[in-house]
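Shown next, in structure tokens, is the structure this report addresses.
Please treat every number below as a calculation from the coordinates, not as lab data. Bear in mind that the values here come from a model prediction, so they are computed numbers and not experimental data. Neighbour counts run over all protein chains shown; Cβ positions are idealised from the backbone, glycine included.
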Amino acid sequence: MTLPRMTTEILPDIQKMGDSRGIAINKVGIKNFRLPVYVQDRLNKGQHTIADCSMYVNLPCDFKGTHMSRFAEILHAEEFAVTLHSVKDTLLKMTQLLDARDAYLELAFCYFIKKNAPVSGIASMMDYKVTLMGELVDGKYAIFIKAVVPITSLCPCSKEISQYGAHNQRSYVTVTVELKKFVWIEEIIRIIEDSGSCEVYGILKRPDEKYVTEKAYDNPKFVEDIVRDIAVRLNQDDRIVAYVVKSENVESIHNHSAIAVITRDKRQ
């Protein structure tokens with residue numbers, strides 16, 4: 001087998017060529033780039049998981065293209081630990097290596113929390129969809145956490161008008177917060193789970209099933225109640241400067257979902 005010879009010739013760098021159309025690009029980069037990462041958690045200090053990474057920079061009107069390989073090189077430079085500091089460092093490296101003014105980073109990963117069933121105490125792992133996002137725009141950093149959490153919701157109207165029983169549903173609550181100071185992922189998840197009719201568990205025995213069924217029945221929530229209860233908690237937290245709360249109740253008696261959204265920037 002003949003191995004290819006290393007070339008010493010200088011290859012043209014097309015990305016560095018100019019562009020005559022005079023149109024700047026807001027974001028250009030890569031997405032769905034998978035990488036093993038180490039994420040801070042409150043109980044065990046950290047956990048290993050897999051992140052889907054998206055990285056973008058702005059492109060001035062006189063640049064033909066950006067160097068796509070440099071995005072991956074930045075993440076592969078060392079084992080990536082997901083922290084607020086590492087996100088800020090990565091954003092700065094992106095602007096430096098890619099000759100850009102603005103940079104954007106998204107790390108979406110599965111986050112696991114060990115939960116004990118409410119009566120039997122049996123332990124199981126619950127998985128949550130979490131995204132840590134950062135941006136460096138005009139020299140200013142912004143850091144965001146997004147968590148998608150399943151909960152149970154039971155309809156107050158159904159309970160009120162029925163002689164027995166009430167319909168309930170799986171609800172998916174998405175909370176995105178912009179941080180002023182550090183907040184644990186577990187804190188955001190706990191706020192969401194506290195705001196449902198009942199939280200969801202990985203494993204339930206019969207005494208646990210009785211407990212969660214009766215707890216939901218005693219704690220009915222409309223989709224509007226869920227987002228408002230979460231907003232009250234977020235309003236009280238000075239570490240959070242802005243948020244978006246969305247609850248989607250996947251209805252059990254309709255062929256559609258119920259949606260409620262609250263958006264607030266506490267700086268305004």
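Using the Cβ of HIS167 as centre and a radius below 11 Å, the other residues enclosed give a net charge of 0, where K and R count +1 and D and E count -1. Largest GNM mean-square fluctuation among ARG70, ARG21, ARG233, using the chain with Cα springs under 10 Å: ARG21. Adding -39500 (n - 2.57) for every DSSP H run of four residues or longer, then dividing by how many residues the chain holds, sets the calculated 222 nm ellipticity at -7500 deg cm²/dmol.
Would you kindly state how much longer the chain becomes between LYS215 and ALA77 on full extension, computed as 0.36 nm times their sequence separation minus their alpha carbon distance, in nm to one decimal?
44.8 nm
Only one residue of THR49, MET94, CYS198 has its Cα farthest out toward the positive end of the dipole of the range 24-265, where Lys and Arg carry +1 and Asp and Glu -1 on Cβ, and that residue is THR49. Over 23 Å apart at the Cα level, from the set LYS140/LYS246; LYS31/LYS88; LYS114/LYS205, are LYS140/LYS246.
Could you work out how much longer the chain between ASN44 and SER158 gets when fully extended? Use 0.36 nm per residue separation minus the Cα distance between them, nm to one decimal. All intermediate terms of the calculation are to be shown ahead of the outcome.
Numbers: separation 114, 0.36 × 114 = 41.04 nm, distance 4.18 nm.
My answer for the length gained is 36.9 nm.
Sorted fewest first by neighbouring Cβ atoms within 10 angstrom, ILE50, ILE203, ILE151 come out as ILE50, ILE203, ILE151.
In whole percent, what relative contact order does the range 24-265 give with Cα contacts below 8 Å and a gap of six or more residues?
Numbers: 520 pairs, mean separation 36.9, N = 242.
After rounding, I find 15 percent.
At a Förster radius of 22 Å, what calculated FRET efficiency corresponds to the Cβ-Cβ distance of ILE25 and LYS93, to the nearest 0.05?
Details: r = 20 Å, r/R0 = 0.91.
Result of the calculation: an efficiency of 0.65.
In this simple spin-label approximation, LYS114 and THR263 carry label points 7 Å from Cα along the Cα→Cβ vector, and these lie 4.1 nm apart. For the pair the range 242-268 / the range 95-157, the C-alpha centres are spaced 17 Å from each other. Relative to its Kirkwood radius, the Cα radius of gyration of the chain gives an Rg/Rh of 1.09.
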